[in-house]
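Taking it in order: structure first as C-alpha coordinates, then the write-up.
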Amino acid sequence: MPEAMPRPVLTAFDWVPDFARGVVRDLRVRWALEEIGRPYATELLSARDPRPESYLAWQPFDQVPAFAEGDLKLFETGAILLYLGEQDERLLPADAQARWSAIAWLFSALNSVEPFATRIVVYDLLHKDEDWMPPAREAALGLCRQKLKRVSDALGERDWLAGPFSIADIAMVTVLNTLRHTRIVAEYPKLTAYKARGEERPAYQRALAAQLADFENEPSRAA
Ligand SMILES: N[C@@H](CCC(=O)N[C@@H](CS)C(=O)NCC(=O)O)C(=O)O
(Lines give C-alpha, C1' and ligand atoms only; values in the text may rest on other atoms or scores of the structure.)
Protein backbone atom coordinates (compact mmCIF):
# COMPACT_ATOMS: atom_id res chain seq x y z
CA MET A 1 0.00 0.00 0.00
CA PRO A 2 1.47 3.40 -0.92
CA GLU A 3 2.42 5.51 2.15
CA ALA A 4 0.24 8.44 1.11
CA MET A 5 -3.08 6.58 1.07
CA PRO A 6 -5.50 8.19 3.50
CA ARG A 7 -6.94 6.11 6.33
CA PRO A 8 -10.40 4.90 5.30
CA VAL A 9 -13.41 5.82 7.38
CA LEU A 10 -16.53 3.70 7.63
CA THR A 11 -19.80 4.27 9.38
CA ALA A 12 -21.15 1.76 11.86
CA PHE A 13 -23.65 1.71 14.71
CA ASP A 14 -22.69 2.51 18.29
CA TRP A 15 -25.21 0.00 19.64
CA VAL A 16 -27.50 -2.70 18.27
CA PRO A 17 -29.58 -5.36 20.04
CA ASP A 18 -27.97 -8.75 20.67
CA PHE A 19 -29.60 -10.43 17.66
CA ALA A 20 -27.80 -8.02 15.31
CA ARG A 21 -24.36 -8.09 16.92
CA GLY A 22 -21.87 -9.63 14.55
CA VAL A 23 -24.13 -9.34 11.51
CA VAL A 24 -24.29 -5.59 10.94
CA ARG A 25 -22.94 -5.12 7.44
CA ASP A 26 -20.01 -2.87 8.32
CA LEU A 27 -18.43 -6.20 9.35
CA ARG A 28 -17.85 -7.00 5.66
CA VAL A 29 -15.82 -3.86 5.15
CA ARG A 30 -13.90 -4.25 8.41
CA TRP A 31 -13.08 -7.84 7.39
CA ALA A 32 -11.75 -6.77 3.97
CA LEU A 33 -9.64 -4.03 5.56
CA GLU A 34 -8.26 -6.47 8.13
CA GLU A 35 -7.35 -8.96 5.39
CA ILE A 36 -5.04 -6.37 3.82
CA GLY A 37 -3.79 -4.91 7.10
CA ARG A 38 -5.30 -1.53 6.40
CA PRO A 39 -5.97 0.62 9.50
CA TYR A 40 -9.32 2.43 9.43
CA ALA A 41 -11.44 4.72 11.54
CA THR A 42 -15.12 4.37 12.33
CA GLU A 43 -17.73 7.07 12.50
CA LEU A 44 -20.37 5.71 14.84
CA LEU A 45 -24.03 6.52 14.36
CA SER A 46 -27.06 5.77 16.46
CA ALA A 47 -29.26 2.89 15.32
CA ARG A 48 -32.09 4.14 17.53
CA ASP A 49 -32.12 7.88 16.91
CA PRO A 50 -32.55 9.58 13.54
CA ARG A 51 -29.26 9.93 11.72
CA PRO A 52 -28.36 13.50 10.71
CA GLU A 53 -30.16 14.57 7.52
CA SER A 54 -26.77 15.31 5.98
CA TYR A 55 -25.86 11.60 6.18
CA LEU A 56 -28.20 10.92 3.22
CA ALA A 57 -25.73 12.65 0.91
CA TRP A 58 -23.26 9.92 1.82
CA GLN A 59 -25.59 6.91 2.26
CA PRO A 60 -28.89 7.66 0.46
CA PHE A 61 -30.74 4.84 2.28
CA ASP A 62 -29.69 6.10 5.72
CA GLN A 63 -27.96 2.79 6.44
CA VAL A 64 -24.53 1.60 7.47
CA PRO A 65 -21.91 1.16 6.27
CA ALA A 66 -20.80 4.13 4.23
CA PHE A 67 -17.15 4.44 3.30
CA ALA A 68 -14.72 7.25 2.62
CA GLU A 69 -11.11 7.34 1.59
CA GLY A 70 -9.89 10.91 1.35
CA ASP A 71 -12.36 12.75 -0.87
CA LEU A 72 -13.83 9.56 -2.30
CA LYS A 73 -17.11 8.54 -0.72
CA LEU A 74 -19.21 5.51 -1.48
CA PHE A 75 -21.90 3.25 -0.10
CA GLU A 76 -23.24 -0.32 -0.56
CA THR A 77 -21.07 -3.10 0.78
CA GLY A 78 -20.73 -4.67 -2.67
CA ALA A 79 -19.31 -1.45 -4.13
CA ILE A 80 -17.03 -0.92 -1.13
CA LEU A 81 -15.70 -4.48 -1.37
CA LEU A 82 -15.06 -4.04 -5.09
CA TYR A 83 -13.29 -0.75 -4.46
CA LEU A 84 -10.99 -2.39 -1.91
CA GLY A 85 -10.55 -5.43 -4.15
CA GLU A 86 -9.29 -3.17 -6.91
CA GLN A 87 -6.51 -2.10 -4.57
CA ASP A 88 -5.24 -5.48 -3.45
CA GLU A 89 -4.95 -8.92 -5.04
CA ARG A 90 -5.49 -10.56 -1.66
CA LEU A 91 -9.10 -9.44 -2.02
CA LEU A 92 -9.56 -9.71 -5.79
CA PRO A 93 -7.19 -11.96 -7.76
CA ALA A 94 -5.35 -10.60 -10.81
CA ASP A 95 -5.98 -13.66 -13.03
CA ALA A 96 -8.90 -12.76 -15.33
CA GLN A 97 -10.98 -15.88 -14.73
CA ALA A 98 -10.53 -15.84 -10.96
CA ARG A 99 -11.16 -12.08 -10.84
CA TRP A 100 -14.40 -12.24 -12.80
CA SER A 101 -15.53 -15.34 -10.96
CA ALA A 102 -15.01 -13.43 -7.72
CA ILE A 103 -17.01 -10.49 -9.03
CA ALA A 104 -19.78 -12.81 -10.25
CA TRP A 105 -19.91 -14.54 -6.86
CA LEU A 106 -19.91 -11.19 -5.07
CA PHE A 107 -23.02 -10.23 -7.03
CA SER A 108 -24.51 -13.68 -6.40
CA ALA A 109 -24.03 -13.36 -2.66
CA LEU A 110 -25.74 -9.98 -2.58
CA ASN A 111 -28.30 -10.44 -5.32
CA SER A 112 -29.11 -14.15 -5.63
CA VAL A 113 -28.70 -15.34 -2.04
CA GLU A 114 -28.99 -12.44 0.41
CA PRO A 115 -32.58 -11.44 -0.49
CA PHE A 116 -33.76 -15.00 0.22
CA ALA A 117 -31.87 -15.22 3.50
CA THR A 118 -33.11 -11.78 4.51
CA ARG A 119 -36.74 -12.85 4.08
CA ILE A 120 -36.23 -15.57 6.68
CA VAL A 121 -34.48 -13.13 9.01
CA VAL A 122 -37.27 -10.57 8.66
CA TYR A 123 -39.99 -13.16 9.29
CA ASP A 124 -38.20 -14.63 12.31
CA LEU A 125 -37.08 -11.45 13.96
CA LEU A 126 -39.71 -8.88 13.01
CA HIS A 127 -42.93 -10.81 12.31
CA LYS A 128 -42.71 -13.90 14.46
CA ASP A 129 -46.10 -13.39 16.12
CA GLU A 130 -48.12 -12.62 12.99
CA ASP A 131 -50.75 -15.18 11.90
CA TRP A 132 -49.68 -15.01 8.28
CA MET A 133 -46.04 -15.65 9.07
CA PRO A 134 -45.72 -19.51 9.20
CA PRO A 135 -46.95 -20.22 5.63
CA ALA A 136 -45.05 -17.24 4.26
CA ARG A 137 -41.89 -18.42 6.00
CA GLU A 138 -42.37 -21.95 4.71
CA ALA A 139 -42.52 -20.67 1.13
CA ALA A 140 -39.48 -18.46 1.70
CA LEU A 141 -37.62 -21.35 3.28
CA GLY A 142 -38.08 -23.47 0.15
CA LEU A 143 -36.59 -20.74 -2.00
CA CYS A 144 -33.76 -20.10 0.43
CA ARG A 145 -32.87 -23.80 0.49
CA GLN A 146 -32.78 -23.86 -3.31
CA LYS A 147 -30.25 -21.02 -3.34
CA LEU A 148 -28.07 -22.55 -0.64
CA LYS A 149 -28.03 -25.89 -2.42
CA ARG A 150 -26.88 -24.16 -5.62
CA VAL A 151 -24.04 -22.42 -3.79
CA SER A 152 -23.05 -25.64 -2.06
CA ASP A 153 -23.04 -27.60 -5.35
CA ALA A 154 -21.04 -24.89 -7.12
CA LEU A 155 -18.52 -24.67 -4.30
CA GLY A 156 -17.97 -28.43 -4.46
CA GLU A 157 -14.67 -29.40 -2.89
CA ARG A 158 -13.09 -25.94 -3.24
CA ASP A 159 -12.17 -23.88 -0.21
CA TRP A 160 -13.31 -20.58 -1.74
CA LEU A 161 -15.80 -19.60 -4.41
CA ALA A 162 -13.45 -18.11 -7.00
CA GLY A 163 -10.34 -20.20 -6.34
CA PRO A 164 -8.29 -18.00 -4.02
CA PHE A 165 -9.99 -16.29 -1.08
CA SER A 166 -11.70 -13.08 -2.25
CA ILE A 167 -14.32 -10.42 -1.58
CA ALA A 168 -16.86 -12.96 -2.86
CA ASP A 169 -16.20 -15.08 0.22
CA ILE A 170 -16.45 -12.08 2.53
CA ALA A 171 -19.89 -11.37 1.09
CA MET A 172 -21.10 -15.00 0.98
CA VAL A 173 -19.89 -15.99 4.45
CA THR A 174 -21.48 -12.90 6.02
CA VAL A 175 -24.72 -13.51 4.13
CA LEU A 176 -24.80 -17.12 5.36
CA ASN A 177 -24.19 -15.85 8.87
CA THR A 178 -27.41 -13.84 8.83
CA LEU A 179 -29.14 -17.25 9.15
CA ARG A 180 -27.20 -18.10 12.31
CA HIS A 181 -30.37 -18.13 14.43
CA THR A 182 -31.61 -21.11 12.33
CA ARG A 183 -30.30 -24.56 11.37
CA ILE A 184 -30.73 -23.89 7.64
CA VAL A 185 -27.03 -23.61 6.74
CA ALA A 186 -26.35 -26.76 8.80
CA GLU A 187 -28.38 -28.71 6.21
CA TYR A 188 -25.46 -28.18 3.80
CA PRO A 189 -22.22 -29.64 5.23
CA LYS A 190 -20.04 -28.03 2.57
CA LEU A 191 -21.50 -24.61 3.31
CA THR A 192 -21.16 -25.19 7.04
CA ALA A 193 -17.47 -25.99 6.59
CA TYR A 194 -17.02 -23.06 4.19
CA LYS A 195 -18.60 -20.61 6.62
CA ALA A 196 -16.45 -21.94 9.47
CA ARG A 197 -13.35 -21.61 7.26
CA GLY A 198 -14.17 -17.96 6.64
CA GLU A 199 -14.96 -17.19 10.24
CA GLU A 200 -11.77 -18.86 11.45
CA ARG A 201 -9.65 -16.39 9.51
CA PRO A 202 -7.79 -14.07 11.89
CA ALA A 203 -8.94 -11.06 9.86
CA TYR A 204 -12.59 -12.04 10.40
CA GLN A 205 -11.97 -12.46 14.12
CA ARG A 206 -10.35 -9.03 14.36
CA ALA A 207 -13.19 -7.44 12.39
CA LEU A 208 -15.81 -9.05 14.62
CA ALA A 209 -14.00 -8.00 17.80
CA ALA A 210 -13.78 -4.43 16.51
CA GLN A 211 -17.50 -4.29 15.67
CA LEU A 212 -18.45 -5.67 19.08
CA ALA A 213 -16.07 -3.27 20.84
CA ASP A 214 -17.76 -0.32 19.15
CA PHE A 215 -21.07 -1.30 20.81
CA GLU A 216 -19.60 -0.96 24.28
CA ASN A 217 -19.49 2.81 24.69
CA GLU A 218 -22.65 3.89 22.96
CA PRO A 219 -21.80 7.60 22.83
CA SER A 220 -25.24 8.45 21.43
CA ARG A 221 -26.73 7.50 24.84
CA ALA A 222 -24.15 9.35 26.89
CA ALA A 223 -25.46 12.89 26.40
N1 LIG B 1 -27.49 -3.10 0.64
C2 LIG B 1 -26.90 -2.40 1.76
C3 LIG B 1 -27.65 -2.78 3.02
C4 LIG B 1 -27.18 -2.00 4.22
C5 LIG B 1 -28.01 -2.34 5.44
O6 LIG B 1 -29.01 -3.08 5.35
N7 LIG B 1 -27.61 -1.79 6.59
C8 LIG B 1 -28.35 -2.03 7.81
C9 LIG B 1 -27.43 -2.57 8.89
S10 LIG B 1 -26.85 -4.16 8.46
C11 LIG B 1 -28.90 -0.72 8.34
O12 LIG B 1 -28.24 0.30 8.30
N13 LIG B 1 -30.13 -0.75 8.85
C14 LIG B 1 -30.75 0.39 9.43
C15 LIG B 1 -31.88 0.90 8.62
O16 LIG B 1 -32.16 0.36 7.54
O17 LIG B 1 -32.50 1.86 9.07
C18 LIG B 1 -25.41 -2.74 1.86
O19 LIG B 1 -25.06 -3.89 1.58
O20 LIG B 1 -24.60 -1.85 2.18
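The values are calculated or read from the model by the stated rules, or taken from the named source; none is laboratory data. No experiment lies behind these values; they were computed from the predicted model shown. Ideal geometry is used to build each Cβ from the backbone, glycine not excepted, and the neighbour counts take in all protein chains shown.
Would you please name the residue that is nearest to the chain's Cα centre (by Cα), looking only at residues in region 1-43 that are closer than 16 Å to Gly85 by Cβ and within 12 Å of the ligand (Cβ to nearest atom)?
The residue in question is Arg28.
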(message) Go through (1) within 15 Å of the ligand (Cβ to nearest atom); (2) within 24 Å of Ala209 (Cβ to Cβ); (3) modelled with pLDDT of 95 or more for Gln87 and report which single condition fails.
(response) (1)
(message) Taking the condition of being modelled with pLDDT of 95 or more, of a type outside the set (D, E, K, R) and not in a helix (DSSP H, G or I), how many residues in region 201-223 meet it?
(response) 1
(message) Show me the helices (runs of 4 or more DSSP H) entirely contained within region 105-200 in which 3 or more residues are polar (S, T, N, Q), in the same structural domain as Gly85 (by TED's automatic domain parsing) and under 20 Å from the mean Cα position of the chain (by Cα).
(response) none
(message) Criterion first (closer than 23 Å to Thr118 by Cα, of a type outside the set (Phe, Trp, Tyr) and not assigned by TED's automatic domain parsing to the domain that holds Leu179) does Arg25 satisfy it?
(response) yes
